[in-house]
Amino acid sequence: EAGVAQSPRYKIIEKRQSVAFWCNPISGHATLYWYQQILGQGPKLLIQFQNNGVVDDSQLPKDRFSAERLKGVDSTLKIQPAKLEDSAVYLCASTPRGTGGSPLHFGNGTRLTVT
Amino acid sequence: AQKITQTQPGMFVQEKEAVTLDCTYDTSDQSYGLFWYKQPSSGEMIFLIYQGSYDEQNATEGRYSLNFQKARKSANLVISASQLGDSAMYFCAMRELSSGAGSYQLTFGKGTKLSVIP
């Protein structure tokens, strides 16, 4: 089974620029998550999708962050404009729907550096 | 309030020895789940072990076991016979029910950096 695919692997941008990350979850996984992991901290949930609907975006800074999951498969996360404090690893994860004991399967992440 | 607390920023263990990584959690739910993940320097999050709140026995997966003390709200990870490859960040996470029906999310602690000494 192919894992969660994310691209790009690394991205360096200047502040106030925009950036987009892409994620393709494991086939058949209805639930998709975007997490932000700042250096030295645990991952923090940004947004959760169930199929193509948003389940939880309460911690997404909506003035600059947006995400979509068209057709309930792959997803994009966008930051516009970026700030220095957005430097982090952005992790995408997926899991089958309604399976509380199933772990989240994570991609390798996109490491964003904002200068 | 923090839902997952990992009080050990860093731990050292001698190769082949056992080590315990601490995790306490806070929830008022009766049904919840606890996970441990390993994150090597390469960055990927690797699932290690899961314990459900109604599971009567402590979970075990190979060299990993979870010391689950429900009354104390602790879910410590025990790694036996440490290997050099165990050097990594370790995160404890709690499953919570999302606002959407039948959907879950994980809340993570800050992690413990484990270093295995030859």
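General remarks:
- Entry note: segment A:14-115 has Rg to Rh equal to 0.96, where both radii use alpha-carbon atoms and Rh is the Kirkwood radius.
- Phi angles across segment A:91-96 convert, under the Karplus curve 6.51 cos²θ - 1.76 cosθ + 1.60 with θ = phi - 60°, into 3J(HN,Hα) values of 9, 9, 9, 9, 7, x Hz, Gly and Pro given as x.
- With the alpha-carbon atoms of the protein assembly as shown aligned to their principal axes, the span from lowest to highest coordinate is 48, 40, 38 Å, starting with the largest.
- B:Ser82 long-range amide H proximity, modeled H, under 5 Å: B:Lys16, B:Glu17, B:Ala18
- Pairs of Cα atoms nearer than 8 Å and 6+ residues apart set the relative contact order; for chain A it is 37 percent.
- Ordered from highest to lowest accessible area with the whole protein assembly present and a 1.4 Å probe, B:Lys38, A:Lys62 read as A:Lys62, B:Lys38.
- In percent, rounded to a whole number, the relative contact order of chain B is 36, using alpha-carbon pairs under 8 Å and six or more apart.
- B:Asp26, A:Asp56, ranked by accessible area, largest first (probe 1.4 Å): B:Asp26, A:Asp56
- With the whole protein complex present, B:Cys23 retains an accessible surface near 0 Å², based on a 1.4 Å probe.
- A:Arg111, A:Arg64, reordered so the largest accessible area comes first (probe 1.4 Å): A:Arg111, A:Arg64
- Note on segment A:56-105: along the principal axes its Cα atoms extend 36, 23, 18 Å, ordered by decreasing extent.
- Rounded to the nearest 10 Å², the accessible area of A:Ile26 at probe 1.4 Å: 10
- Ligands, DNA and RNA excluded, the heavy atoms of B:Leu84 present near 90 Å² of accessible surface to a 1.4 Å solvent probe.
- Kirkwood Rh (inverse of mean 1/r, distinct Cα pairs), segment B:16-89, angstrom: 13.1
The values are calculated or read from the model by the stated rules, or taken from the named source; none is laboratory data. Keep in mind it's a predicted model, so treat the numbers as computed, not measured. Protein only, heavy atoms only, side chains kept; ligands, DNA and RNA dropped before computing areas. Shrake-Rupley method; radii C 1.70, N 1.55, O 1.52, S 1.80 Å.
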